[in-house]
Amino acid sequence: MGILAYMSIYEVVSLVYSELIKISGPLAVVWVGLLTLVGNRIANKEAQRREIGLANLKASFDVQSLELKARLDTSVHRTVLVDKVQFEHEYQIYKEAWGYLFALKQATLKLRPMFDSIDPKESKEARKERRLGALREPFDKALEHIEKHKPFVPQEVHTSLAAVLDKCYGEFIDYQYLEPTDKEYWKEAGKNRDELILLIEAACTSIRERIAAVRVG
């Protein structure tokens, strides 16, 4: 393109006109007329293209503004004003609940670990009872804490915590009644393990979002 890329359509036509005058004389007028007509059409199309581009850009900005406003409105609506005493009480509930969930997770994952270590002197029945017993205490403590404080936490937080309890109880039952020789034994163990980890992460996210939404007044 060279320097022509920086010239207007009229500057180009003028340049062509002067050159044609040198070459063709009066016949150049006809050529210039045609070139001007074509040039005007090109200029009009370029102007239309720019107008459409500006309109699309404005529309894009409008959409982004609406999306930003929606996010801000959602953030404001989710903000909850509580007094200092209520916040401290609720925060303590979450802090203790997370400690119980951590202990419960560890005990549950030890029922059917991927890389198991077995004492050959311990019978299968004794080993099963020992592991189930190690799970009962953290499960009971977590259950008591979560249900005892149910009225003092939002429903979505309680639901996420209860889902962890349900999954741990399911793994408890599977380990108690299924045998390693069963076809789906280890497959179900892996599935329960993965789901438990995801549910605990979901509970953690639920607690974080609740704390972030609270404004102490």
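The values are calculated or read from the model by the stated rules, or taken from the named source; none is laboratory data. All figures in this text were calculated on a predicted structure; none of them were measured in a lab. Please note: Cβ atoms are built from the backbone with ideal geometry, for glycine as well, and neighbour counts cover all protein chains shown.
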ask   = Going by the conditions given, is GLU137 surrounded by 11 or more Cβ atoms within 10 Å (Cβ to Cβ) and either of a type outside the set (Gly, Ala, Ser) or in contact (Cβ under 8 Å) with a residue 40 or more places away in the chain (or both)?
value = yes
inquiry  = Report every pair of residues separated by at least 6 positions or lying on different chains whose Cβ atoms are under 8 Å apart, first residue within the range 141-159 and assigned to a helix (DSSP H, G or I), second of a type in the set (Val, Ile, Thr).
reply    = ALA142/VAL164; HIS145/ILE93; PHE152/ILE93; VAL157/ILE207; HIS158/ILE146
message = Conditions first: (1) under 14 Å from LEU104 (Cα atoms); (2) within 21 Å of the chain's Cα centre (by Cα); (3) at pLDDT below 95. ARG193 passes all but one, so which condition is the exception?
response = (2)
